[in-house]
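Data first, discussion second: the structure below is written as structure tokens.
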């Protein structure tokens, strides 16, 4: 019986042990200095991204490199979705189809009236010499997945720069305003939902005509919107529909945004706390429309008189 | 060289396997499962594992680059994951000589503070940048990550535990 130590080690081929002496001279920079450099770079990127918005080229480059990995990672989820859709029972599919047909009938009634109303409206507007209301060009897109970031509320669309999506475009689903495109990558784009904490949207109370701004509030169940700075005695009731007001030059006017769900008038505060439920499917939208922001092809500005512009230029020169 | 009592002699690690496992962890992190703050960050786990076992191959710069990729994918603040992974990798390299002297379950207990620190860094950064609080289930993520440590130790060390001279009785 061979003793341990001589036979076993001698028979072992070279290079089979994970034990190599650490390099003596080629040490490279120390771990602490690497930590310093990398964390400084990370902090710089954060500031550049959050405050100055200049990190977009880095983001677009990394997103393009990552696209094949993301595409591959999406396959299992898309496969599951396909299988689930395939095995959905016939009854529920038929019920869905009946509901869709009913809704289509209702909508077609309205749509036919809209044709006539639009003609009438155009004539009346011409009579009053008002500017024509703009119909924003739109394109369809599909929501790929919810962004995994738990600190914000965003979704990823399957269209990007290559499909002509512009940053700032409003995004709608079949029920209302879903959000706004905030970043555009070459092949995908990011949509910030209306319930995101940083998203605000100018709205108009369809019942009273009062304008205000709705802020996202993701903390409520499923995400809500909040009308801030409305006076405690403002005329707002639960059930009021809020539509886009169009004063921002981004959203076309008249799109449904949210419905007021709760009005809390407090004694100790000058403002009421008004909670609204979004109309769009912020949790599970699949097919959406991306509009072109109005600002890019907004109405022509009124012609400024010659001497007025000259005066302004003179003022600038001083 | 000082050997730990009961230490196995391992085969050299294959660089292709190391980087492949990191890429696979990145892929697993990118599977779109919606907004679930309690899901364990498999990439962080793999980065800590290789920073502990192969600190000369996988280090802070690699962690930073993988963090950047996660940031772009999650659409969060650029640099948030990069900072967290950089710190994670640095702490892992700091404790790597001590950690391997312990049994695997107590290793899991010792890497728990690392994962807590990584999530705390991200939470602090996002709260300062004005994000919304993701909810208390975020606390589960580091615990699950540390519970996965024994599992990942078995899986990622398996290729190094093969026999050096495979024959027909020992094909692996």
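The values are calculated or read from the model by the stated rules, or taken from the named source; none is laboratory data. Just so you know, these numbers come straight off a predicted model, no measurement behind them. Every residue, glycine as well, gets a Cβ built from its backbone with ideal geometry; the counts of neighbours run over all protein chains shown.
Data overview
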read-out	value
Counted residues, the range A:228-251 - those being part of a loop (DSSP other than H, G, I, E, B), within 14 Å of residue A:201 (Cβ to Cβ) and touching a strand residue (DSSP E or B) at 6+ places or on another chain (Cβ under 7 Å)	5
Pair list, Cβ under 8 Å, 6 or more apart: the range A:57-83 residue assigned by TED's automatic domain parsing to the domain that holds residue A:190 and touching a residue at least 12 places away in the same chain (Cβ under 8 Å), other residue assigned to a helix (DSSP H, G or I) and surrounded by fewer than 16 Cβ atoms within 10 Å (Cβ to Cβ)	none
Neighbours by Cβ (under 6 Å, 6+ apart or cross-chain): first from the range A:22-49, more than 7 Å from chain B (Cβ to nearest Cβ); second surrounded by 12 or more Cβ atoms within 10 Å (Cβ to Cβ) and not in a helix (DSSP H, G or I)	A:48/A:55
Any hit, the range A:99-114, residues being over 30 Å from residue B:21 (Cβ atoms) and either in contact (Cβ under 8 Å) with a residue 60 or more places away in the chain or within 10 Å of chain B (Cβ to nearest Cβ) (or both)	no
Residue within the range B:89-98 that is within 24 Å of residue B:137 (Cα to Cα), free of Cβ contacts under 8 Å to residues at least 40 places away in the same chain, touching a helix residue (DSSP H, G or I) at 6+ places or on another chain (Cβ under 9 Å) and surrounded by fewer than 24 Cβ atoms within 10 Å (Cβ to Cβ) present	no
Residues satisfying the stated conditions in the range B:129-139, i.e. more than 8 Å from chain A (Cβ to nearest Cβ) and touching a helix residue (DSSP H, G or I) at 6+ places or on another chain (Cβ under 9 Å)	B:139
Some residue of the range A:153-161 being touching a residue at least 60 places away in the same chain (Cβ under 8 Å), in a loop (DSSP other than H, G, I, E, B) and within 14 Å of another protein chain (Cβ to nearest Cβ)	yes
Residue within the range A:71-78 that is part of a helix (DSSP H, G or I) and more than 17 Å from residue B:26 (Cβ to Cβ) present	yes
Residue match in the range A:192-207 (condition: surrounded by fewer than 24 Cβ atoms within 10 Å (Cβ to Cβ), within 28 Å of residue B:28 (Cβ to Cβ), over 13 Å from the mean Cα position of the chain (by Cα) and more than 10 Å from chain B (Cβ to nearest Cβ))	no
Residue B:31 being over 22 Å from residue A:156 (Cβ atoms), free of Cβ contacts under 8 Å to residues at least 24 places away in the same chain and more than 12 Å from the chain's Cα centre (by Cα)	no
One residue from B:124, B:118 being closer than 18 Å to residue A:35 by Cβ, at pLDDT 90 or above and buried (at least 17 other Cβ atoms within 10 Å of the Cβ)	B:118
Check on residue B:67, on the phi < 0 side of the Ramachandran plot, at the interface with chain A (Cβ under 9 Å from one of its Cβ atoms) and surrounded by 15 or more Cβ atoms within 10 Å (Cβ to Cβ)	yes
Residue A:286 being under 25 Å from residue A:145 (Cα atoms) and surrounded by fewer than 17 Cβ atoms within 10 Å (Cβ to Cβ)	yes
Output for the range B:145-158, where each listed residue is in contact (Cβ under 8 Å) with a residue 40 or more places away in the chain and surrounded by 15 or more Cβ atoms within 10 Å (Cβ to Cβ)	B:145, B:148, B:149, B:152, B:153, B:156, B:157
Hits in the range B:66-83 - residues which are in contact (Cβ under 8 Å) with a residue 12 or more places away in the chain and not in a loop (DSSP other than H, G, I, E, B)	B:66, B:67, B:68, B:69, B:70, B:73, B:80, B:81, B:82, B:83
Residues of the range A:164-179 satisfying the condition of being crowded, with 17+ Cβ neighbours inside 10 Å, under 14 Å from residue A:257 (Cβ atoms) and more than 14 Å from chain B (Cβ to nearest Cβ)	A:170, A:171, A:172, A:173, A:176, A:177, A:178
Flag for residue A:138 being closer than 30 Å to residue B:21 by Cα and within 25 Å of the chain's Cα centre (by Cα)	no
Residue ID - surrounded by the fewest Cβ atoms within 10 Å (Cβ to Cβ), chosen from residues in the range B:71-86 that are closer than 14 Å to residue B:114 by Cβ and more than 7 Å from chain A (Cβ to nearest Cβ)	B:84
Selected residue (criterion: surrounded by the most Cβ atoms within 10 Å (Cβ to Cβ)) from residues of the range B:1-27 that are within 13 Å of residue A:73 (Cα to Cα) and at the interface with chain A (Cβ under 8 Å from one of its Cβ atoms)	B:26
Extreme residue, surrounded by the most Cβ atoms within 10 Å (Cβ to Cβ), among residues of the range B:55-64 that are modelled with pLDDT under 90 and more than 9 Å from chain A (Cβ to nearest Cβ)	B:58
